[in-house]
Amino acid sequence: MRTVALARHGRTAWHAPNRYTGRSDIELDDVGVRQAEALARWAAGRGFAALASSDLRRAVDTAAAAAATTGLVPTADPRLRELDFGIAEGHTLADLDPAVAERFVSDPVTHHFPGGEHPARAVDRFHAGLAALSEQVPDGSALVVAHSTIIRLVVCAALGLPLAEYRRRLPVLDPTAVTTLRLSEDGVPVALLAYNVPVSEGWQP
């Protein structure tokens, strides 16, 4: 697999209030369903050799729409999940203890949310998921439906940026927008080809 197109899943009810949604398994809202359909139309005819997603419903359902237009059988892989946000799950930054929030904003890696996943370990397991997919599909490209924070962390790793910079350097990743990465022979992202590209003119964030 030479390149991978990483699409964020469609919108959920937690998007507008910006609630942290890591391991929380919530479904797409009505807008998210339409965004998934737009992604599916974009994916049709692009020659993807494989389709995979996180095993969380919002990603699985977004990938299912693309499966219908590409004819690909999607694979759901827990290694492609979002970062686990620990005590922040289901909350906004303003809901949290101000000291916890301040430390997180200053360095979201060293001071990741208590009870949550270390971002570096999340990148490692996502890389493992991509490497496994690459072994199954040695040539061509794949479409992978994943999540905002983990995609931004993986982009930072590919560019050699400190992971702690993901919120400052990559502040936005919109629902169903596509980020394309070139992979090494081992399936590890090594170059950024495109970031946060909307999939249709009628796209709605």
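The values are calculated or read from the model by the stated rules, or taken from the named source; none is laboratory data. On a predicted model such as this, the values are computed, not experimentally measured, just so you know. Here the Cβ is made from the backbone with ideal geometry for all residues, glycine too, and neighbour counts use every protein chain on show.
Quick notes on this structure:
- Between PHE85, PHE48, the distinction of being aromatic (Phe, Trp, Tyr) and touching a Leu at 6+ places or on another chain (Cβ under 6 Å) belongs to PHE48 only.
- Options LEU72, LEU51, LEU80: the member that is within 24 Å of GLY187 (Cβ to Cβ), surrounded by fewer than 19 Cβ atoms within 10 Å (Cβ to Cβ) and touching a strand residue (DSSP E or B) at 6+ places or on another chain (Cβ under 9 Å): LEU72
- For the range 84-109, filtered to residues that are charged (D, E, K, R) and more than 18 Å from ARG168 (Cα to Cα), the residue that is surrounded by the most Cβ atoms within 10 Å (Cβ to Cβ) is ASP84.
- Complete set of residues in the range 1-13 that are at pLDDT below 95 and hydrophobic (A, V, I, L, M, F, W, C): MET1
- Residue list for the range 84-116, restricted to those being of a type outside the set (A, V, I, L, M), in contact with a helix residue (DSSP H, G or I) (Cβ under 6 Å, 6 or more places away or on another chain) and either without any contact (Cβ under 8 Å) to a residue 24 or more places away in the chain or not in a loop (DSSP other than H, G, I, E, B) (or both): HIS111
- Selection within the range 44-73 - of a type outside the set (A, V, I, L, M, F, W, C) and closer than 21 Å to THR12 by Cα: SER53, SER54, ASP55, ARG57, ARG58, ASP61, THR62
- Test: residue in the range 182-192 that is among the charged types (D, E, K, R) and at pLDDT below 95: yes
- Identity of the residue in the range 147-198, over 26 Å from ARG19 (Cα atoms) and among the charged types (D, E, K, R), that ends up nearest to the chain's Cα centre (by Cα): ARG182
- Elements of type strands (runs of 3 or more DSSP E) contained in the range 141-205, each with 2 or more residues being of a type in the set (Val, Ile, Thr), surrounded by fewer than 16 Cβ atoms within 10 Å (Cβ to Cβ) and in contact (Cβ under 8 Å) with a residue 40 or more places away in the chain: none
- When residues in the range 1-20 are screened for being touching a helix residue (DSSP H, G or I) at 6+ places or on another chain (Cβ under 8 Å), polar (S, T, N, Q) and at negative phi, 1 of them pass.
- Which numbered condition TYR195 fails, given (1) touching an Asp or Glu at 6+ places or on another chain (Cβ under 7 Å); (2) under 21 Å from ALA5 (Cβ atoms); (3) of a type outside the set (A, V, I, L, M, F, W, C): (1)
- Residue list for the range 117-138, restricted to those being surrounded by 15 or more Cβ atoms within 10 Å (Cβ to Cβ), at pLDDT 95 or above and either among the charged types (D, E, K, R) or outside any helix (DSSP H, G or I) (or both): GLU117, ARG125
- Residue among ALA40, ALA63 that is in a helix (DSSP H, G or I) and over 15 Å from HIS147 (Cα atoms): ALA40
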